[in-house]
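Everything below concerns the one structure shown next.
The values are calculated or read from the model by the stated rules, or taken from the named source; none is laboratory data. The model shown is predicted, which means the values in this text are computed figures rather than measured ones. All Cβ positions, even for glycine, are placed from backbone atoms using ideal geometry, and neighbour counts span all protein chains on display. SASA here: full protein model, heavy atoms, side chains in, ligands and nucleic acids out. Shrake-Rupley method; radii C 1.70, N 1.55, O 1.52, S 1.80 Å.
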Amino acid sequence: MLKITQKSSKVRIKKRFGLSRVVLVGDRGMITSARIEKELKPEGIDWITALRSRDIRRLMVDDPSVQPGYLLKDLVDEEQDEIGEISSDLYPDERLMVCVNPRLREDRRKTREELLTITDSYLEKIEKSVQNGTLLTAEQINRKVGQMIGKRNMAKHYQVKVSDGSIVWKRRTEKIKAEEALDGIYVVRTNVSSSELGTSETVEAYKSLSFVEQAFRSIKTTSLRIRPIYVYSEAHVRGHVFLCMLGYYMEWHLKRELAPLLFMDEHKDKGKAK
């Protein structure tokens, strides 16, 4: 991502790259709320990014007396890749596109239930060890509990009370349900108006980041394998980046020309249009 400073303003970006409009697309780790306020807004640069999970939870409100209040799961169809667009006082002058990936939702629910079942069995074993006197002190029991459920990041889903010679545990049902409500849901945010970029086009632009990730993966590991190389001066860094991009550019063109021989899908755009 370009770092926007006084030396790299919107005007200079447009002039340098011959662009008539600049809209930055970045994941939620790159284009954060802080960066939007400090760097992008002052320069008048438009952007497309996504909300973090904790920010999505702030929108998961089904109490109509709470403003803003949206029940996100009611905006999307679990059976289809539908998109629901909303607005929120938490994000003024922005559009929020609520999306659901049903396959990811099902996968996460299945994985969670498997981990919960495994954790239940571990806690039952610990309970039996306490009952037969193998584990006596609270310190011993806590250490065993931490070893069993901590490594799978499942402690947040359980309420465990331990004392000398005793352990009582149960699932935190409400917490589990709250996490399930977010399964497969992601929210794309942008300040680009709907008249300039439609809902589906905005989401598609955000999803296009996968091509960038694929390009970096190709450069670093799968195809070009240009790593690790250690450079220290600015000129060397620029030269290294240039050669990496040039190598990927050549690979991209070669794959397009040799698509029939490589059995690549040449009709993705046509299929997407249907």
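Computed from phi, the 3J(HN,Hα) profile of the range 92-104 under the Karplus parametrisation 6.51, -1.76, 1.60 (θ = phi - 60°) reads x, 6, 10, 10, 10, 9, 8, 10, 9, 10, x, 5, 5 Hz, with x in place of Gly and Pro. So if we plug the beta-carbon distance of Ala259 and Ser20 into 1/(1 + (r/R0)^6) with R0 = 25 Å, what FRET efficiency do we get, rounded to 0.05? The calculated FRET efficiency here is 0.20. Can you pull the percent of the range 170-255's accessible area that's carbon plus sulfur, 1.4 Å probe, other chains left in place? Solvent-exposed carbon and sulfur of the range 170-255 make up 60 percent of the total. Summed over the residues of the range 146-263 and divided among them, the accessible surface reaches 69 Å² per residue at a probe radius of 1.4 Å.
Name the shape class, rounded, prolate or oblate, that the alpha-carbon gyration tensor gives for the range 147-194, where a ≥ b ≥ c are the square roots of its eigenvalues, rounded holds for a/c under 1.5, and otherwise prolate holds if a/b is larger than b/c and oblate otherwise. It is prolate, given that a/c is not under 1.5 and a/b is the larger ratio. For Trp47, the residues whose modelled amide H falls within less than 5 Å of its own, excluding neighbours fewer than 5 places apart on the same chain, are Leu24, Asn191, Val192. Accessible surface ranking for Met30, Met250, Met154, 1.4 angstrom probe, highest first: Met250, Met30, Met154.
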